[in-house]
Amino acid sequence: MFEDVTHNISQNLEARKLYEQVVSSHPSSAEAHLRLAEFAQEADDAQEAYRIALQAVKVAPRDAAAHLSLGHASSKLGRPHHPTSFADLQTCGNLSQDKRTGLFDVY
């Protein structure tokens, strides 16, 4: 069992390094930023998750997943995240019901 945990940690570290390389070579990759924000959240590093998720929102301001990630990190830090524009709200409104509910819970 301990070997499984060690193996999973090793895989996560490798994946994180790969996403860091993607962000380094393709800074406009919202997907890579989101994955790094998820790793930070899993590590309970809300400040880092917020910083990375904010970058994802800057790169892809209409990406609801980026806003959701930023909202989760903001919530962990005790500060609300508000949509920055009407386009953000419109993006939220175009999500499926289950995703929309999760996103509006954050806002």
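Anything in the range 35-49 that is out of contact with any Lys or Arg (no Cβ under 6 Å at 6 or more places or on another chain) and within 22 Å of LEU18 (Cβ to Cβ)? List them, or say none. Explain how you work it out, then say what you get.
Taking the range 35-49 as the starting set, the residues that turn out to be out of contact with any Lys or Arg (no Cβ under 6 Å at 6 or more places or on another chain) are 35-38, 40-45, 47-49.
ARG35, LEU36, ALA37, GLU38, ALA40, GLN41, GLU42, ALA43, ASP44, ASP45, GLU48, ALA49, listed by residue number.
Being more than 13 Å from SER29 (Cβ to Cβ) and free of Cβ contacts under 8 Å to residues at least 24 places away in the same chain is the filter; apply it to the range 47-64 and report the residue that is surrounded by the most Cβ atoms within 10 Å (Cβ to Cβ). Write out each step before concluding.
To start, the set of residues in the range 47-64 that are more than 13 Å from SER29 (Cβ to Cβ) comprises 47-51, 53-54, 57, 61-62, 64.
Okay, now just the ones that are also free of Cβ contacts under 8 Å to residues at least 24 places away in the same chain, so 48, 51, 53-54.
Numbers: GLU48: 16, ARG51: 16, ALA53: 29, LEU54: 18.
Going through the qualifying residues, I end up with ALA53.
Given the conditions (1) touching a residue at least 12 places away in the same chain (Cβ under 8 Å); (2) under 15 Å from LYS17 (Cα atoms), and given that LEU68 satisfies all but one, which numbered condition is not satisfied?
That leaves (2) as the condition not met.
Quick check on the range 22-77: of everything there that is of a type in the set (Ser, Thr, Tyr) and not in a loop (DSSP other than H, G, I, E, B), which residue is farthest from the chain's Cα centre (by Cα)?
For the range 22-77, the residue satisfying everything is SER25.
Where a number appears in this text, it was derived from the coordinates with a stated rule and is not lab data. The structure displayed is predicted, hence computed values, not measured ones. Positions of Cβ are generated from backbone atoms using ideal geometry, with glycine treated the same way; all protein chains shown enter the neighbour counts.
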